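Taking it in order: structure first as structure tokens, then the write-up.
The values are calculated or read from the model by the stated rules, or taken from the named source; none is laboratory data. Bear in mind that the values here come from a model prediction, so they are computed numbers and not experimental data. Note: ideal-geometry Cβ built from the backbone for every residue, glycine included; neighbour counts use all protein chains shown. Just so you know, the surface numbers come from the protein's heavy atoms only, side chains and all, with ligands and any DNA or RNA stripped out. Shrake-Rupley method; radii C 1.70, N 1.55, O 1.52, S 1.80 Å.
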Amino acid sequence: IANSIRYAVDNGAKVINMSFGKPVSPEKELVWEAFQYAKDKGVLLVKAAGNENEDIQENPYFPTNFKSTKDEKPFINNMIVVGANTNDAEMLKASFSNFDAKMVDVFAPGDKIYSTVPDGKYEYWQGTSMAAPVVAGAAAIMLS
């Protein structure tokens, strides 16, 4: 992850979509250094919050922009963490989306998203990995 972020930054990325994550991070310090590198170069990181329907302050989801869940603020300010919402006004947060008022910045469409799949086809998919690119795309348009 750290090498991928550095590669993207060094090759001109202004916004990096990170539609991935996991509950552990054995080399998180290297990733945090890459986050700082991106910040120093003016690059925005957009990260999926995860799909376990968990409070990510209680159950961390890496990579994260908080060095500790006890921290009041993230250690960098160039990351947007994205949860998934539905188009159902009765249940706006998608049932699978991770959440936390402090650690998830925004929710974006992430349920029943018509997406490309292998073999030149399309299918409906769901997840915060569908929601994060919506935010990354909006950010890229704003930057342009």
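Numbers below:
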read-out: Residue satisfying all of: in the stretch 70-92; acidic (D, E) and open to solvent by less than 90 Å² (accessible area, probe 1.4 Å); farthest from E29 (Cα to Cα) among these; value: D88
read-out: Matching option when the condition is surrounded by 12 or more Cβ atoms within 10 Å (Cβ to Cβ) and of a type in the set (A, V, I, L, M), among I113, I141; value: I113
read-out: Selected residue (criterion: farthest from the chain's Cα centre (by Cα)) from residues of the stretch 40-54 that are at positive phi and open to solvent by less than 70 Å² (accessible area, probe 1.4 Å); value: G42
read-out: Single unsatisfied condition, P74 versus (1) touching a strand residue (DSSP E or B) at 6+ places or on another chain (Cβ under 8 Å); (2) within 23 Å of A140 (Cα to Cα); (3) free of Cβ contacts under 8 Å to residues at least 60 places away in the same chain; (4) not small (G, A, S); value: (1)
read-out: Members of the stretch 7-32 that are over 17 Å from V135 (Cβ atoms) and either within 17 Å of the chain's Cα centre (by Cα) or open to solvent by less than 80 Å² (accessible area, probe 1.4 Å) (or both); value: V9, G12, K22, P23, V24, S25, K28, V31, W32
